[in-house]
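A.B. asks: Below you will find the structure I want to go over with you.
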Amino acid sequence: MTERIVLAYSGGLDTSVAIPWIKERTGREVIALAIDVGQAGEDLEQIRQRAIDCGAVEAVVVDARDEFANDYLVPALQANAMYQRRYPLVSALSRPLIARHLARTARELGANSIAHGCTGMGNDQVRFEAAVAALAPELTSIAPIRDLSLTRDVAIEYAGEHNLPIRQSKASPYSVDQNVWGRAVETGFLEDPWNAPIEDLYEYTQDPTVDRAPTEVTIAFESGTPVSINGERLSMLQIVEKMNQLAGEQGVGRIDMVEDRLVGIKSREIYEAPGAIALIEAHTHLEDLALERDVARYKRSVEIEWGNLVYDGLWFGGLKRALDSFIQHTQEKVTGEVRLTLHQGRAVVTGRRSDQSLYDYSLATYDTGNTFNQDAARGFIELHSLPSKIAARRDQPEL
C-alpha cells in the first residue's frame, strides 16, 4: 500500500506545486487539507478542486472559524496575549488548530506523515511540527520548501512545465498571512527596518490620519468572554468580525515592530489587528475592576509567559496547559461592560462597570462621606517601611 502524507494546503502556488513535487520526490500519495480560519479569499470548494487537479488523492476542507474563535481566540483574549508587548499572536494562534486537524486527518485517512509549506527561517515550521509531535508522536513531518529544495522560482517553473491549474500573476512583493484575528505582512522593502510602511500594505484598517467622527462601542463580557456589542448578543466569531470592522474603519490595530523569532533572528513585521487590539484593551480594563491586586499583578507575569509559550509553538505543552487553568480561574468574576471610543488609530476606554466590581466608591471618593479609615494609614506606613528603616541603620545609605 502506498504511504500517504497530509499537506496543510492554502491553495496558493507553493502548496499547489508541493502536491506533485512531494509525490515525485517521496513516492507518497498526498492528501490536501485546507482550513478556513477567517482568512477570506477564495471559496474553499474552489481550493478543494484545485488540490484534486494538482494531483491530491483526496482533499479535505474544514470551516474552523468558530472553533478558532471559541477555542483559541477566547483563551488568547483572556490571557491578554501580546508577544513583546505588541503582537497579538495572529499566526501563532492558528497554527495549533491547523496542526490538530493535520494529525486528526492523518489518523482518519491512514497517513503516516504531515507536510507544510514553511521555510527553515520562520517560526511556523516549529509550531506545526511541535504541535503534531505533542498530539500524534507517531507521525513524521516534511517541509517541501525546507527539506526538498522547493524554492519559489523552482515552483513557478514547475507549475508551468506541468500545466498546473494555478493562476499566474505578478507576485506580490510581500509575504502575507492572515486570519480573523489579524494580518501579518513581511519581506520586500520592509526587510529594511528604516523603511516606513506605505498605505498599500494595509487591508484590515483604514488610514488613521483621515479625520472621521469617533465611533463609540460598548462591549459586554461574561466570565472574561465578550458576548455582545452595543447590546446585540453575538458569537465570539461575530464579535471579532464586528470589531474588525468598527476598529478597522478608525485605523486601530496597526503595528510596526522588529520581532525576535524563535529561530534566533530578528524580523521586521507589519501587523494589523483592529478587533484584537480593541478587545484586549477592553478586557484589561474590566479586569482592573474585578481582579484582586495580587491576582492582577501575578497574572501580568503569567500573560507574558503564556504569550511566549504560544509564540514558541508550545500550545499543547504542559506549562501552557497549567497556565490555562490559572487564567481560566481568574476570569470567573470578569463580567461587565466596557465602553470604548475608537478614533484615529486608538481604542480608548472611557467607561467600565460590573456587578462583580471591587471598586468601592465610598472608599475611593475624596468627598464627604468617605469611609476609608485614614487613621490606619500612619501605622500601615510605619510597618510597611520598617524593613527599609532597619536596613538603613545598618547600611547607612548616602544622601
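The values are calculated or read from the model by the stated rules, or taken from the named source; none is laboratory data. From a predicted model like this one, the values you see are computed outputs, not experimental measurements. Heads up, the Cβs are rebuilt from the backbone with ideal geometry, glycines too, and the neighbour counts pull from every protein chain shown. The accessibility values were calculated without ligands, DNA or RNA, using every heavy atom of the protein model including side chains. Shrake-Rupley method; radii C 1.70, N 1.55, O 1.52, S 1.80 Å.
A.B. asks: Here are GLN344, GLN331: which of them is open to solvent by less than 40 Å² (accessible area, probe 1.4 Å) and modelled with pLDDT of 95 or more? Step through it out loud before you land on a result.
C.D. replies: Values: GLN344 fails: open to solvent by less than 40 Å² (accessible area, probe 1.4 Å).
The match here is GLN331.
A.B. asks: Collect the residues in the stretch 133-149 that are in contact with a helix residue (DSSP H, G or I) (Cβ under 7 Å, 6 or more places away or on another chain) and assigned to a loop (DSSP other than H, G, I, E, B), keeping them in residue-number order.
C.D. replies: ALA136, LEU139, ALA143, LEU148
A.B. asks: For the condition under 27 Å from the mean Cα position of the chain (by Cα), acidic (Asp, Glu) and part of a loop (DSSP other than H, G, I, E, B), what is the one hit in GLU337, GLU332? Quick ask: steps written out before the conclusion?
C.D. replies: Values: GLU337 fails: part of a loop (DSSP other than H, G, I, E, B).
The match here is GLU332.
A.B. asks: Tell me, please, whether a residue that is basic (Lys, Arg) and open to solvent by 30 Å² or more (accessible area, probe 1.4 Å) can be found in the stretch 116-131.
C.D. replies: We begin by selecting, within the stretch 116-131, every residue basic (Lys, Arg); these are 127.
Still in the running and open to solvent by 30 Å² or more (accessible area, probe 1.4 Å): none.
No, there is no match, as no residue in the stretch 116-131 is basic (Lys, Arg) and open to solvent by 30 Å² or more (accessible area, probe 1.4 Å).
A.B. asks: So which of ASP294, ASP324 is more than 17 Å from MET82 (Cα to Cα) and open to solvent by 20 Å² or more (accessible area, probe 1.4 Å)?
C.D. replies: ASP294
A.B. asks: Additional query: Which of the residues belonging to the stretch 98-142 are closer than 17 Å to GLU58 by Cβ and of a type in the set (Lys, Arg)?
C.D. replies: Across the stretch 98-142, the qualifying residues are ARG104, ARG107.
A.B. asks: Within 25 Å of the chain's Cα centre (by Cα), hydrophobic (A, V, I, L, M, F, W, C), open to solvent by less than 60 Å² (accessible area, probe 1.4 Å) and under 23 Å from ARG183 (Cα atoms), is that true of ALA92? Explain how you work it out, then say what you get.
C.D. replies: Details: within 25 Å of the chain's Cα centre (by Cα): yes; hydrophobic (A, V, I, L, M, F, W, C): yes; open to solvent by less than 60 Å² (accessible area, probe 1.4 Å): yes; under 23 Å from ARG183 (Cα atoms): yes.
Yes: the conditions hold for ALA92.
A.B. asks: I would also like to ask the following. Check ALA103, ALA99, ALA155 and return the single one that is over 22 Å from the mean Cα position of the chain (by Cα) and open to solvent by less than 50 Å² (accessible area, probe 1.4 Å).
C.D. replies: On the way: ALA103 fails: over 22 Å from the mean Cα position of the chain (by Cα); ALA99 fails: over 22 Å from the mean Cα position of the chain (by Cα).
ALA155 is the lone residue from the list that is over 22 Å from the mean Cα position of the chain (by Cα) and open to solvent by less than 50 Å² (accessible area, probe 1.4 Å).
A.B. asks: Enumerate the helices (runs of 4 or more DSSP H) found wholly within the stretch 44-131, keeping only those where 2 or more residues are of a type in the set (A, V, I, L, M, F, W, C) and touching a Lys or Arg at 6+ places or on another chain (Cβ under 9 Å).
C.D. replies: Numbers: elements: 44-53, 65-68, 74-78, 90-109.
Here the list reads 90-109.
A.B. asks: With touching a helix residue (DSSP H, G or I) at 6+ places or on another chain (Cβ under 7 Å) and either without any contact (Cβ under 8 Å) to a residue 24 or more places away in the chain or not aliphatic (A, V, I, L, M) (or both) as the only criterion, which of GLY122, GLY117, GLY160 stands out? Quick ask: steps written out before the conclusion?
C.D. replies: Working: GLY122 fails: touching a helix residue (DSSP H, G or I) at 6+ places or on another chain (Cβ under 7 Å); GLY160 fails: touching a helix residue (DSSP H, G or I) at 6+ places or on another chain (Cβ under 7 Å).
Exactly one residue qualifies, and that residue is GLY117.
A.B. asks: Another question, then. Suppose the filter is more than 23 Å from the chain's Cα centre (by Cα), acidic (Asp, Glu) and open to solvent by 70 Å² or more (accessible area, probe 1.4 Å); does GLU191 pass it? If you could, list the steps in order and put the result at the bottom.
C.D. replies: Working: more than 23 Å from the chain's Cα centre (by Cα): no; acidic (Asp, Glu): yes; open to solvent by 70 Å² or more (accessible area, probe 1.4 Å): yes.
Considered against the rule, which asks whether it is more than 23 Å from the chain's Cα centre (by Cα), acidic (Asp, Glu) and open to solvent by 70 Å² or more (accessible area, probe 1.4 Å), GLU191 comes out as no.
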